[in-house]
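K.L.:
My questions all concern the structure below.
The values are calculated or read from the model by the stated rules, or taken from the named source; none is laboratory data. Since the model is a prediction, treat every value here as computed from it, not as a measurement. Counting neighbours? That spans all protein chains shown, and the Cβs are built from the backbone with ideal geometry, glycine included. Note: areas computed on protein heavy atoms with side chains; ligands, DNA, RNA excluded. Shrake-Rupley method; radii C 1.70, N 1.55, O 1.52, S 1.80 Å.
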Amino acid sequence: MDKPITLRGKPKRLAVLDYGLFEVHAGPRTIGICGFVIQTDANEVVLIDTGFPRKYAIDAEAATAEDDLGSFGRVLSVTEENLPGPQLAKLGLKKSDITLMIQSHTHIDHVGDMAGYPHAPILMSAAERALPRPLYWSGKQAMDWPDRDYRLVRSDMLLGPGFEVLHCPGHAPGQLAFMVELPETGWVLLTSDAISRASEIDEKFAGSWDEEQAIFHGDRLMALARARDALVIYGHSPEQWPDLRKAPNWFE
């Protein structure tokens, strides 16, 4: 379970996947649910996160009731097109093309299709894999861990040339963020929920699993982004999401 994993190639392009829209009661604010695909010049295809479980595309109201998600917010739009398979198809890819899957953390809107890639190892934080089940939502922990080849992260690591995995507990005990260097765009920081939106920094990450750690890692991520003049793509930014380039278009 602790075998190291290294990508052979350098990132050559990155795509943002659109897993749907959700309205958080606090605010309220409308947020996009995103995943990412990174292709390397060695024909490796890395998938980061898989959105909501498919049951939300079938009957969002029933799924919300089943998971007690209504206390937090409501699904605005999660359709079959917002599932990983159709999103990958926009890029000319199939689920079987994925060579590595990464879980940024295991909340409900990131973990829905974690079991959908039996051929691919799963990279994730050791802190969350040590839990009896994925975090999911509100103590429900309704999902089991798939029987997979897990590669575990305990600290910042270099996954391959130009691809850094950053260990940032705070929002969740095993939160990961990612720094990827692309040929034309340069460095791109994918904060995931380590910084869900820019305003969360001023809000001192209120409501996080560990606010003190979230503040520390939020500060270090932004310092790293400034030092490298990186494009920052936040985890759930209401301001950024509507105009963010998404599949089938790539950042190169």
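K.L.:
What is the set of long-range amide H partners of Arg151 at a cut-off below 5 Å, with H atoms built 1.01 Å from backbone N?
P.N.:
The answer is Ile122, Leu123, Met124.
K.L.:
Across segment 53-68, in residue order, what do the Karplus-derived ³J(HN,Hα) couplings come to in whole Hz, using 6.51 cos²θ - 1.76 cosθ + 1.60 with θ = phi - 60° and x for Gly and Pro?
P.N.:
Running phi through 6.51 cos²θ - 1.76 cosθ + 1.60 with θ = phi - 60° gives x, 4, 4, 6, 7, 7, 7, 4, 5, 5, 5, 4, 5, 4, 9, 6 Hz.
K.L.:
OK, next. Of the heavy-atom accessible surface of the chain (probe 1.4 angstrom), what whole percent is carbon and sulfur?
P.N.:
With neighbouring chains kept in place, the figure for the chain is 50 percent.
K.L.:
Summing Lys, Arg as +1 and Asp, Glu as -1, what charge do residues with Cβ under 15 Å from the Cβ of Tyr136 carry, Tyr136 excluded?
P.N.:
Computed value for this residue: -4.
K.L.:
Which value does Rg/Rh take for segment 78-140 over its C-alpha atoms, Rh per Kirkwood?
P.N.:
Rg/Rh for segment 78-140 comes to 0.99.
K.L.:
Moving on. Report the Cα centroid-to-centroid distance between segment 148-211 and segment 31-83 in angstrom, as an integer.
P.N.:
Their Cα centres are 19 Å away from one another.
K.L.:
Also, I was wondering about something else. What is the local net charge at Asp67, summed over the other residues whose Cβ is closer than 15 Å to its Cβ (Lys, Arg +1; Asp, Glu -1)?
P.N.:
0
K.L.:
Provide the per-residue ³J(HN,Hα) series for segment 89-102, in order, calculated from phi with Karplus coefficients 6.51, -1.76, 1.60 and θ = phi - 60°, each as a whole number of Hz, with x at glycine and proline positions.
P.N.:
Result, ordered by residue: 4, 4, 9, x, 10, 10, 4, 5, 7, 5, 9, 8, 10, 10 Hz.
K.L.:
Need one number: nm distance between label points at Arg245 and Ala26, each 7 Å from Cα along Cα→Cβ, rounded to one decimal.
P.N.:
Here the modelled spin labels are 3.2 nm apart.
K.L.:
Separate question: Give the accessible surface of segment 94-252 per residue, rounded to a whole number of Å², with probe radius 1.4 Å and ligands, DNA and RNA excluded.
P.N.:
42
K.L.:
Another question, then. For Gly186, what is the net charge nearby, where nearby means another residue's Cβ is under 10 Å from its Cβ and Lys, Arg count +1, Asp, Glu -1?
P.N.:
Neighbourhood net charge equals -2.
K.L.:
Also, I was wondering about something else. Return the long-range amide H neighbours of Tyr136 (sequence gap of 5 or more, or a different chain), with a cut-off of under 5 Å between placed amide H atoms.
P.N.:
His107, Ile108
K.L.:
Turning to a different aspect of this structure: From the phi of every residue in segment 190-201, what ³J(HN,Hα) in whole Hz does the Karplus formula 6.51 cos²θ - 1.76 cosθ + 1.60 yield, where θ is phi - 60° and glycine or proline is x?
P.N.:
9, 6, 6, 8, 4, 9, 6, 7, 4, 5, 5, 5
K.L.:
Hey, could you pull the Cα Rg and Dmax for segment 125-230, both in Å?
P.N.:
14.8, 43
K.L.:
Rank Pro86, Gly27, Gly73 by how far each Cα sits towards the positive end of the charge dipole of segment 1-100 (+1 on Lys, Arg Cβ; -1 on Asp, Glu Cβ) and give me just the farthest.
P.N.:
Pro86
K.L.:
Starting from the Kirkwood Rh over alpha-carbon pairs, what translational D in µm² s⁻¹ does segment 41-171 have by Stokes-Einstein at 10 °C and 1.306 mPa s?
P.N.:
101
K.L.:
Could you tell me which trypsin sites (Lys or Arg not before Pro) in segment 1-69 are loop residues by DSSP with no more than 12 other beta carbons within 10 angstrom of their beta carbon?
P.N.:
Those satisfying the criteria are Arg8.
K.L.:
Let me ask something else. Roughly what % of DSSP beta bridges within the chain run antiparallel, to the nearest 5?
P.N.:
Bridges in the chain are about 70 percent antiparallel.
K.L.:
Setting aside same-chain residues fewer than 8 positions from Lys90, which aspartates and glutamates have a Cα under 15 Å from its Cα?
P.N.:
Lys90 reaches Asp18, Glu80, Glu81.
K.L.:
Step through the table entries Lys55/Lys246; Lys55/Lys204; Lys95/Lys204, compare each Cα-Cα distance with 29 Å, and write down the pairs that go over it.
P.N.:
Exceeds cut-off: Lys55/Lys204; Lys95/Lys204.
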